[in-house]
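Following: one structure in structure tokens, then a few remarks.
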Amino acid sequence: MAKPFNIQSTSLRVRIFIAMIFLTITSSVLIAMVTIYQFKKEARNYHQDRLIRKEDAVNEHLNFILQTTDIPVTTENLPLIFKDKIFELSSIHNIQINIYDLKGNLLITSKGNFIVDKINNEVISPNILKIIETTSTKRFIDLRIIDGVTYRSAYNYIKDNQFKPLGIISMPVAEETSYYDAQVNSFFILFAQIYLFIIILAIILAFILSSYITKTLQFISERIQKTSINRRNEKIKVENASYEIETLINSYNQMVDKLEESADKLAQSQRELAWREMAKQVAHEIKNPLTPMKLTVQSFQRKFNPEDPKVNEKIKDFCETMVQQIDTMSAVASAFSNFASMPAQQNTTLNVVKVVQLALDIFNEDFINFESTEEEIIAIFDQSQIIRIINNLVKNAIEGIPNYEPFPRISVKVKREGQSVLITVSDNGSGIPEDIKEKIFEPKFTTKTSGMGLGLAMIKNMIESYGGSIRFESVLNKGTTFYVKLPISN
């Protein structure tokens, strides 16, 4: 079953994109609606003004005819007065003219060649007569729609020289909307073209702006997801960030500082715990033989009798028991000494190139590359210590490469330099910060949350015991290279 779309569950980037497109479409629709309304309003005003102008012109012409006629001006004589003039008036002003008596009965009309002939204009409805009579202007405009065509009919009084009403004149006009319809159609065509261009432009701009706005947020989100207490986390540096983004970055950087501080405390606590556990174990192992030794001495002291015929045999048993317990304590002390200190070197003649390759065989990472300028460099070393040196450096290099590095790379090289062999181990990891470079070879110093912090210190002692040297070069966020130089003994 498809999951219903929920705008709140989408990403901020998608929401910004949808909001910008929605605003563009909404504004365009509103512009179109306002424009169409304006066109209709202009058309309505035009037809209303056109009818008023025609009405005024016809009334003036009609009054001129009434003033110049020789026929007595009465309601009954209106058909006679306008018998020949009504068609002239209609032709001059291009409008149909209907003349009624004061009761609304048709007296004379120019009907014949106008579209408004569809209107039933034989009589005027009582409602219209009442409106004309009661309004202050003594006129009325009737609006009708027949077969989809809008008709406007203007009604007003015909008056004599004494301003006494003689009859009612009606001038129906059919609204000609073809011009404004053409204007609206032209507008729609032009608007559709512009609207399509604006929509395409809005989509492009919305995509660019939404990507720009959320790029920094996405970057911060990725960094937060990769944040771990088990490694060193880098701070975020973004130039020209907005106030909100800068606040978020500062909060993240403060969190990284606190996390690093917590990791250091945790690592120190774990190391102290390990040393305490070791001390407790050693104390326990030494204490075990002391108890039977004490009991043996006390028992011998209590039961010792110089005159006992078996005194020599008992002294012999006592001595053997004491020696046995002392040997046990000596074994414990020797084991702890061997654990805390390096074993004695067992130097043999070996091929350094082959030994380094042998040390790399235990690693499964396919991004470890080995190079050597020669197939064979013979020297006298302890093979286990050379392997230990390589293992430690390569393991540190692997741990120094962040998980988000798309192309991890470790390079191990061996070459001869005069009477020395140079071994380099390079990586493209996060590098070593300046503030801890001087502490790298110090005993019990580590940036990891596990381990005793003795690895680099131990291999440094091994290398220096051969008269060699170890150094490193590191660039933050680019990588680190360790250089191990050992003299070749002939």
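Readers should treat all values here as calculations from the given coordinates under stated rules, not as data from a laboratory. Bear in mind the structure is a predicted one, so any value in this text is a computation, not a measurement. Cβ atoms come from the backbone with ideal geometry, glycine included; neighbour counts cover every protein chain shown.
Using 1/(1 + (r/R0)^6) with R0 = 22 angstrom and r between the beta carbons of Ser136 and Ala57, what's the FRET efficiency to the nearest 0.05? Mind showing how you got there, number by number?
On the way: r = 22 Å, r/R0 = 1.01.
Here the calculated transfer efficiency is 0.50.
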Under 16 Å between C-alpha atoms, the lysine pairs in the stretch 11-181 lying 8 or more places apart or on different chains count 9
Here the relative contact order (percent) of the stretch 11-181, from C-alpha pairs under 8 Å and at least 6 apart, is 19
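Can you pull out the chymotrypsin sites (Phe, Trp or Tyr not before Pro) in the stretch 355-437 that DSSP calls coil and that have at most 11 other Cβ atoms within 10 Å?
On the way: sites: Phe363, Phe367, Phe370, Phe381, Tyr404; in loops: Phe363, Phe367, Tyr404.
Counting only loop positions with at most 11 other Cβ atoms within 10 Å, the chymotrypsin sites (Phe, Trp or Tyr not before Pro) in the stretch 355-437 are Tyr404.
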So what J values fall out for the stretch 51-57 if you push phi through Karplus, 6.51 cos²θ - 1.76 cosθ + 1.60 with θ = phi - 60°, rounded to Hz, Gly and Pro as x?
-> 5, 5, 5, 5, 4, 5, 5
Cross-link partners among aspartates and glutamates for Lys415, C-alpha distance below 20 Å, same-chain residues fewer than 8 apart left out?
-> Asp361, Glu371, Glu374, Glu375, Glu376, Asp382, Asp427, Glu464, Glu473
Among all the aspartates and glutamates, which ones have a C-alpha under 14 Å from Lys258's C-alpha, if same-chain residues fewer than 8 places away are not counted?
-> Glu234
Cross-link partners of Lys215 among lysines (Cα-Cα below 16 Å; sequence separation of 8 or more within a chain) | Lys237
